[in-house]
Amino acid sequence: MSVQVEYKFLESRPRSNYQQLWVKGRHMRAEVIYRYTVGPEPETPEQVAAEYNLPVDAVLEAIEYCTRNKDLLDAERTRETASIRARGLDQYPNAPRDYNPLE
């Protein structure tokens, strides 16, 4: 049985192509906020909050949501990548000549 979680700073967008949640009042998916806190040069939640003029609690909520819903986010990224490739948008002139998605 899945647990239903209520979010203060995140909301669904019924007309969106994405099932994942968005930051309320912004045209920004929760995953975008999360991505700034991971990777080779991660920023702290406080840095991300200051950069996007968000409460730190909104950034922490986005991080929690994304870690809890990793499978959904992975599936949406896979679907988006397949769509880009199917439309040839990963090829020049839509992408740099030296673009190699396998690198």
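Values as computed for the structure displayed
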item: Within region 63-96, GluC sites (Glu not before Pro) in DSSP loop having at most 13 other beta-carbon neighbours inside 10 Å; result: none
item: Amide proton proximity set for residue 37, modelled H, under 5 Å, gap of 5+; result: 43
item: Dipole in debye (nearest 20) - the chain, about Cα centre, beta carbon charges: Lys, Arg +1; Asp, Glu -1; result: 540 debye
item: Surface share of carbon and sulfur [accessible, 1.4 angstrom probe, percent] for the chain; result: 51 percent
item: Extension gain from residue 46 to residue 91, taking 0.36 nm per residue of separation minus the Cα-Cα distance; result: 12.5 nm
item: Vicinal HN-Hα couplings computed from phi for region 63-77 (Karplus, 6.51 cos²θ - 1.76 cosθ + 1.60; Hz; Gly/Pro x); result: 4, 4, 4, 5, 5, 6, 10, 4, 4, 4, 5, 4, 5, 5, 5
item: Accessible surface, per residue, of region 1-72 when the full set of protein chains is kept, probe 1.4 Å, Å²; result: 70 Å²
item: Neighbour net charge for residue 69 - beta-carbon separation under 13 angstrom, K R +1, D E -1; result: -2
item: Karplus-derived 3J(HN,Hα), 6.51/-1.76/1.60, for each residue of region 50-55, Hz, glycine and proline x; result: 5, 5, 10, 6, 10, x
item: Hydrodynamic radius of the chain per Kirkwood, over alpha carbon pairs, in Å; result: 15.3 Å
item: Phi to ³J(HN,Hα) by Karplus 6.51 cos²θ - 1.76 cosθ + 1.60 over region 5-14, Hz, x for Gly, Pro; result: 10, 9, 10, 7, 10, 10, 8, 8, 10, x
item: Ordering of 26-35, 91-100, 49-58 by burial proxy (mean other Cβ atoms within 10 Å per residue, highest first); result: 26-35, 49-58, 91-100
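The values are calculated or read from the model by the stated rules, or taken from the named source; none is laboratory data. It should be emphasised that the depicted structure is a prediction, and the values quoted were computed from it without experimental measurement. Here Cβ is always computed from backbone atoms with ideal geometry, including for glycine, and neighbour counts include all displayed protein chains. Surface areas here come from the heavy atoms of the whole protein model, side chains and all, with no ligands, DNA or RNA. Shrake-Rupley method; radii C 1.70, N 1.55, O 1.52, S 1.80 Å.
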